[in-house]
Amino acid sequence: MTAMKKGEASSHECNQRMILLYGVGKERDEARHQLRKITKDILKILNKKSTTETGVGDEGQRVRKNKLEVFPTLETVFTKLQQLSYFDQHQVTSQIAGNVLEQITSFTSGTSYHLPLGHHIQLIFDLMEPALNINGLIDFAIQLLNELSVVEAELLLKSSSLAGSYTTGLCLCIVAVLRHYHACLIINPEQTAQVFEGLCGVVKHVVNPSECSSPERCILAYLYDLYVSCSHLRSKFGDLFSSACSKVKQTIYSNVQPSNSNLLWDPEFMMDFIENPSAHNINYSVLGKILCDNAANRYSFVCNVLMNVCMGHQDAGRINDIANLCAELTACCTVLSSEWLGVLKALCCSSNHVWGFNDLLCSVDVSDLSFHDSLATFIAILIARQCFSLEDVVQHVTLPSLLAAACGDPDAESGARMTCRLLLHLFRKPQVCPLPQATGKSSAGIRSSCDRHLLTAAHNSIEVGAVFAVLKAILMLGDAEIGNSNINSSYNDDFSINCILDDINDDDILGASKTVKSGGKAVSIETASLSEYARYVLRTICQQEWVGEHCLKEPERLCTDKDLILDPVLSNKQAQKLLQLICYPHGMKECTEGDSPQRQHIKRILQNLDQWTLRQSWLELQLMIKQCMKEPGSGSVAEMNVLLDNIAKATIEVFQQSAELNSTSATIGVSLFNAISAGNIDSSNTRQTVKKAFLSSSERRGVWLVAPLIAKLPTSVQGRVLKAAGEELEKGQHLGSSSKKERDRQKQKSMSLLSQQPFLSLVLTCLKGQDEQREGLLTSLQNQVNQILSNWREERYQDDVKARQMMHEALQLRLNLVGGMFDTVQRSTQWTTDWALLLLQIITSGTVDMQTNDELFTTVLDMLGVLINGTLASDLSNGSQGSSEENKRAYMNLVKKLKKELGDKRSESIDKVRQLLPLPKQTCDVITCEPMGSLIDTKGNKIAGFDSIDKKQARANVCFSS
């Protein structure tokens, strides 16, 4: 659904739609009234506190008085809006957006002194997102952006206190939305250029990126990202932004090193601002200069802030306000970035006292779980506001903390647990909840959707190496089995943690409810062992959609870069487990049957193959192959051979199982139809049976993807699969078992596999580039066809119609395989002769004829014709005289052998074969006579003296041929 267009044409289209849906009458009027009521209620809420009122004389921000009236609640209106169709939601949100634009236009034209509040505009963005009005949202953001420069000029003209803060604050909301839908924005170069130019106009007054406001810092960061990622922007705005680009890179995108300060602490420094950050009209520039000029002031400020966050009143709104204050001061004093990173490292690595901030560590108990969520929210907002990057936190804080605990330091456990909680918040996608009051409880975590969008943008910009570093560190911590647990911590197949995860929802992660059930007992995940908690955090992080997209974006790099999944610090089992968590974050049931766990694992990969998991399946198999090649040696060679055999055997087993399920589902369908017709059917058994039939259908679709999957693996895998396929083909050739029951069972098992087109596709795919395997497979197929002919001559199929049908199916498949290798056959004179004779014997023996199987007979006849005529065709394609003579001899020898095989045999099918051979030369005797007894001269006179001449003329042979 595209964004609503304004104008009479749009109004006419909406009216026609209403008539089509509701007709002309009461229903249409009620539908119209509902839309108008919802629109009016939302506008009432947005205008309840009216707008920011600006006037000459710097009256500041005031609230317009409204008449006492009953206002609808926001959550009620929001619920009603979401119950509408998307078209109607677009219409309502477009009207509200138009109303806001009219207010701004009235202000810029001088007819009004009122501007819409920034959080009201943010609310409109939040209403548009669930309605999926993305195009309308981007258009609305661009229209607002185009008005901001005029709004700022008007504010300066009126000497308003909002000058310099209103437009940048509103622009921060716009940047957050555009960052969130960046992929949609850059599709349109024209819109991207408008955004870039509009943002440049908002921050054109910024001279030094290290001395600006927090919104301006975020705007500059987005300008930098747009500039470096869009070539058309560099060519169009190079003169405007090239010099600023380098400054932004040095200031905002430089690597931040953590500080280890230990200075004189002033417990009262800036405490008034920290305890109640929203109650003061703060001059951030002045405070920023005070912090820049004195390192002790910075140390005191950071310690006081962290003590308030960790030990003060744990109110989500207050934590958000403190984080906004710190973000503003960090934008004015960039040195604070290293202080924030340093104090976080001191807390997470508290077992090592060399990281400074001892005054804070003496007051804060890191093992206290009550403040972990507040600290995580505080750090997440600082990352969202570009105070430091998520990669900085990973490199300098989380990795040292996790690895210290994983290496066995018992004092590091409390810091590692807090680090896990921190990562859970930072890596988890922020929850979209524009109306927390609708749930009846205060919202935990990040309050502003603007900051949530900015944190999501931080996820998108992190390097994949940093993501893998975090996952590997948590995995090693989970495998270390550290600490006591209230939960039975059996790590085999992660059964215990799976039980926990099944009962945990989003509220549990946010800290609203940390009690889950495991084994029928109430267990707190926070009091579980550190290793158990680490496994829970690892699985939760892997379940984030952006983590999977990041890790699987470059699958080839994943299996070649030793800094990722092939890191030597991980064992083969750990690497495979981590990859499974990334590929299948919600779990994948392993098959426990069978002797070889590796083969069963490979079988599971192939059984769950579909178009969405093809990349994951390739990665799992490729990782297993790469691990065998990691350390060259005799042991790795043997391990590789075992792996190749398991891949090949598992592939064949998957096809066999798919064929059996195919046959079973067909039988089930007939049985169900008969049972339903008879009215005698058990509902519970029926559901299970239908479910099984449905799953088999899914698996049958998946087997078509086995061939392209195997084709992407190394050629050694393809060769081994070919070998296994050849062995399976040979099993099906002994169709003359003495026991009829055993014979039927063996034939059914082999034929059900060999009659599948996906299996044929697999073999033909593996044959590409496998010349050595082709020779062996051709020999095997030749022996198998000879065996079928031998069984036919022994009359093993004469009295069994079913056996004859299965024999024809087996012969059809083998001939299809030979057809896929016809180029190899035709390159060799010997192969051509052998297969031509074999094909001829299939017809002359009566194994295949026109009456019993016309389709198969046509196939055999076509193949024979190609072999015969192909010899002549090779003669035409080769211009050398010697080669031409050689091909003629080969052709004549082939025809001679075929004629000898045919002999005097006659049948309708054999007559069709004779048409492929040259017509034979047939001779007959012709006796000629001429008058004798007298000779006549040239004048017609008889010549006397000569008697009759009894000489006979030689017989002449006349050859008739075509």
Looking only at residues in the stretch 114-130 that are outside any helix (DSSP H, G or I) and more than 20 Å from Gln82 (Cα to Cα), which one is most open to solvent (accessible area, probe 1.4 Å)?
His114
Do we have Val801 as within 50 Å of the chain's Cα centre (by Cα) and farther than 17 Å from Tyr891 by Cα here?
yes
What do you reckon, is Val151 under 28 Å from Arg32 (Cα atoms), at pLDDT 85 or above and open to solvent by less than 40 Å² (accessible area, probe 1.4 Å)?
no
Taking helices (runs of 4 or more DSSP H) that fall entirely within the stretch 386-429, which contain at least 2 residues that are touching a strand residue (DSSP E or B) at 6+ places or on another chain (Cβ under 9 Å) and assigned by the TED database to the domain that holds Arg452?
none
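Let's see how each residue does on (1) among the small types (Gly, Ala, Ser); (2) open to solvent by 10 Å² or more (accessible area, probe 1.4 Å):
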| residue | (1), (2) |
| --- | --- |
| Ser159 | yes, yes |
| Leu162 | no, yes |
| Thr168 | no, no |
| Ile174 | no, no |
| Ala183 | yes, yes |
| Gln194 | no, yes |
| Leu199 | no, no |
Quick one: which residue in Ile625, Ile652 is touching an Asp or Glu at 6+ places or on another chain (Cβ under 7 Å), of a type in the set (Val, Ile, Thr) and touching a residue at least 40 places away in the same chain (Cβ under 8 Å)?
Ile652
Within the stretch 602-650, the residues that are over 14 Å from Gln576 (Cβ atoms), within 17 Å of the chain's Cα centre (by Cα) and among the β-branched types (Val, Ile, Thr) are Thr613
Elements of type helices (runs of 4 or more DSSP H) contained in the stretch 272-374, each with 3 or more residues being surrounded by 21 or more Cβ atoms within 10 Å (Cβ to Cβ):
295-311, 316-332, 336-348
Number of the exception - Lys802 against (1) open to solvent by 50 Å² or more (accessible area, probe 1.4 Å); (2) within 26 Å of Gln915 (Cβ to Cβ); (3) at pLDDT below 85:
(2)
For the subset of the stretch 225-259 comprising residues that are hydroxyl-bearing (Ser, Thr, Tyr) and more than 18 Å from Pro209 (Cβ to Cβ), which member is most open to solvent (accessible area, probe 1.4 Å)?
Ser235
Between a first residue in the stretch 263-286 that is on the phi < 0 side of the Ramachandran plot and a second residue that is open to solvent by 80 Å² or more (accessible area, probe 1.4 Å) and modelled with pLDDT of 85 or more, which pairs have beta carbons less than 8 Å apart while being 6 or more apart in sequence or on different chains?
His280/Asp272; Ser285/Glu211
Among the residues of the stretch 85-108, is there at least one that is modelled with pLDDT of 85 or more and not in a helix (DSSP H, G or I)?
yes
It is to be established whether one or more residues within the stretch 207-215 are without any contact (Cβ under 8 Å) to a residue 24 or more places away in the chain, open to solvent by 20 Å² or more (accessible area, probe 1.4 Å), under 20 Å from Cys171 (Cβ atoms) and more than 35 Å from the chain's Cα centre (by Cα).
yes
Residue among Gly719, Gly732, Gly726 that is among the small types (Gly, Ala, Ser), surrounded by 15 or more Cβ atoms within 10 Å (Cβ to Cβ) and modelled with pLDDT of 85 or more
Gly719
Considering Leu162, Leu156, which residue is over 43 Å from the mean Cα position of the chain (by Cα), in a loop (DSSP other than H, G, I, E, B) and either within 18 Å of Ala221 (Cα to Cα) or assigned by the TED database to the domain that holds Thr79 (or both)?
Leu162
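Residue by residue, here is whether (1) under 30 Å from Gln395 (Cβ atoms); (2) touching a Ser or Thr at 6+ places or on another chain (Cβ under 9 Å); (3) in a loop (DSSP other than H, G, I, E, B) holds:
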site: Asn208; (1), (2), (3): yes, yes, yes
site: Leu223; (1), (2), (3): yes, no, no
site: Leu226; (1), (2), (3): yes, yes, no
site: Asp239; (1), (2), (3): no, no, no
Which ones in the stretch 820-861 are open to solvent by 40 Å² or more (accessible area, probe 1.4 Å), more than 20 Å from Lys912 (Cα to Cα) and within 47 Å of the chain's Cα centre (by Cα)?
Asp823, Gln826, Arg827
Would you confirm whether any residue within the stretch 591-599 is without any contact (Cβ under 8 Å) to a residue 24 or more places away in the chain and among the polar types (S, T, N, Q)?
yes
Which of the residues spanning the stretch 821-836 are over 14 Å from Arg774 (Cα atoms) and touching a helix residue (DSSP H, G or I) at 6+ places or on another chain (Cβ under 9 Å)?
Thr829, Thr832, Thr833, Asp834, Trp835, Ala836
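The values are calculated or read from the model by the stated rules, or taken from the named source; none is laboratory data. Note that the coordinates shown come from a computational prediction; the quantities given were computed from them, not determined experimentally. Every residue, glycine among them, receives a Cβ derived from its backbone with ideal geometry; neighbour counts consider all protein chains shown. Surface accessibility is based on the protein's heavy atoms, side chains included, excluding ligands, DNA and RNA. Shrake-Rupley method; radii C 1.70, N 1.55, O 1.52, S 1.80 Å.
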